[in-house]
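The values are calculated or read from the model by the stated rules, or taken from the named source; none is laboratory data. Model, not experiment: these values are computed from the prediction. Cβ sites come from the backbone with ideal geometry, for glycine too, and all protein chains shown count toward neighbours. Note: accessible area is taken over every heavy atom of the protein model, side chains too, but ligands, DNA and RNA are not part of it. Shrake-Rupley method; radii C 1.70, N 1.55, O 1.52, S 1.80 Å.
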Amino acid sequence: MAGLFDLSGRTALVTGSARGLGFSYAKGLAAAGAAVILNGMHEDNLMAAVDKLSALGYDVRGMAFDVTNAQQVAGVFERLDSEGEHVDILINNAGIQHRQPLLDLPLADWQRVIDTNLTSAFIVSREAASRMVANGAGGKIINICSLTSEAARATVGAYTAAKGGIKMLTRAMAAEWAGHNIQVNGIGPGYFLTEMTTALVENKEFDAWVKNSNPSGRWGKPDELIGTAVYLASPASDYVSGQIIYVDGGWLSVL
Ligand code: GCO
């Protein structure tokens, strides 16, 4: 049983991990023994997050790059190649939210959300998976989905479309890469207390809606996602692919 959840000797890349849920995923994989590459757009925030985990004795580093920029992403993986570093575990977590009714939504904002929340997973996964296939060692890819991968909420249409897309992209990747011993799965967080949801938590009506809509009666805490991330990143899930695990307090299981 001991080795089942052990990530020692593996290297993980977690996109959008300078804060929020991504930081929890990075912390959890590092605590399970992985060498973790954190990612963010802004060097200063990113290095502050790296310092926090490094102070805990974890093997972490930061690489600032834009996950929507295919050239930058290719350059990052070429740099890792040159360092003899191989990404065994990828968590496609980078994402943004944009709350605006579809009728008012500028095309540029729609595109920005789709690029960051969906296309980036294609861009980064292609670089990681091509190397996992080439070296024959297989790997783990975890795409971060959402309750909105299954059900829509008014005013977050671009986000909902992207999260619906990343659920099916997870299955498409599983279909094509499982034969190379690459397991591709998703995590669907419910409503969690992060910087992205602060405005929602502070809205008394929304806060009540979240608490009344899930049988656990509360918001999730980011570290409550760590167990699922470690499971999907570890040998414990070697025969699991194309699945989305919802960590939502039971939200999607009730009317
Ligand atoms: C929103 C929230 C959601 C949650 C999460 C739910 O505006 O409704 O930001 O998007 O963050 O995605 O699973």
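Kindly indicate whether F192 is within 10 Å of the ligand (Cβ to nearest atom) and in contact with a helix residue (DSSP H, G or I) (Cβ under 9 Å, 6 or more places away or on another chain).
Spelling it out, F192 is indeed within 10 Å of the ligand (Cβ to nearest atom) and in contact with a helix residue (DSSP H, G or I) (Cβ under 9 Å, 6 or more places away or on another chain).
Restricting to the stretch 105-127, and then to whatever is among the charged types (D, E, K, R) and over 29 Å from W219 (Cα atoms), can you tell me which residue is least open to solvent (accessible area, probe 1.4 Å)?
E127
Has the stretch 153-167 got at least one residue that is in contact with a strand residue (DSSP E or B) (Cβ under 7 Å, 6 or more places away or on another chain), in a helix (DSSP H, G or I) and more than 10 Å from the ligand (Cβ to nearest atom)?
yes
Give me the residue from the stretch 39-61 that is without any contact (Cβ under 8 Å) to a residue 40 or more places away in the chain and open to solvent by less than 20 Å² (accessible area, probe 1.4 Å) and, out of that set, nearest to L7 (Cα to Cα).
L53
Here are some residues: S146, S130. Which one is open to solvent by 50 Å² or more (accessible area, probe 1.4 Å) and either at pLDDT 95 or above or not aliphatic (A, V, I, L, M) (or both)?
Answer to the selection: S130.
Identify the single condition in (1) more than 15 Å from Q243 (Cβ to Cβ); (2) open to solvent by 10 Å² or more (accessible area, probe 1.4 Å); (3) without any contact (Cβ under 8 Å) to a residue 40 or more places away in the chain that T155 does not satisfy, given that it satisfies every other one.
The single condition T155 does not satisfy is (3).
Consider only pairs whose beta carbons are under 9 Å apart and that are at least six residues apart or on different chains; among these, list those whose first residue lies in the stretch 176-197 and is touching a residue at least 40 places away in the same chain (Cβ under 8 Å) and whose second residue is within 10 Å of the ligand (Cβ to nearest atom) and of a type in the set (K, R).
From residues that are touching a residue at least 40 places away in the same chain (Cβ under 8 Å), the pairs are G188/K163.
So, in the stretch 127-152, how many residues would count as being more than 10 Å from the ligand (Cβ to nearest atom), assigned to a helix (DSSP H, G or I) and touching a Phe, Trp or Tyr at 6+ places or on another chain (Cβ under 9 Å)?
Looking only at that region, the number is 7.
Of a type in the set (A, V, I, L, M), crowded, with 23+ Cβ neighbours inside 10 Å and in contact with a helix residue (DSSP H, G or I) (Cβ under 6 Å, 6 or more places away or on another chain) - does that describe any residue in the stretch 19-26?
Yes: the stretch 19-26 contains one or more residues that are of a type in the set (A, V, I, L, M), crowded, with 23+ Cβ neighbours inside 10 Å and in contact with a helix residue (DSSP H, G or I) (Cβ under 6 Å, 6 or more places away or on another chain).
For the stretch 226-240, check the following and say yes or no: at least one residue is open to solvent by less than 70 Å² (accessible area, probe 1.4 Å) and assigned to a loop (DSSP other than H, G, I, E, B).
Yes, the stretch 226-240 contains at least one residue that is open to solvent by less than 70 Å² (accessible area, probe 1.4 Å) and assigned to a loop (DSSP other than H, G, I, E, B).
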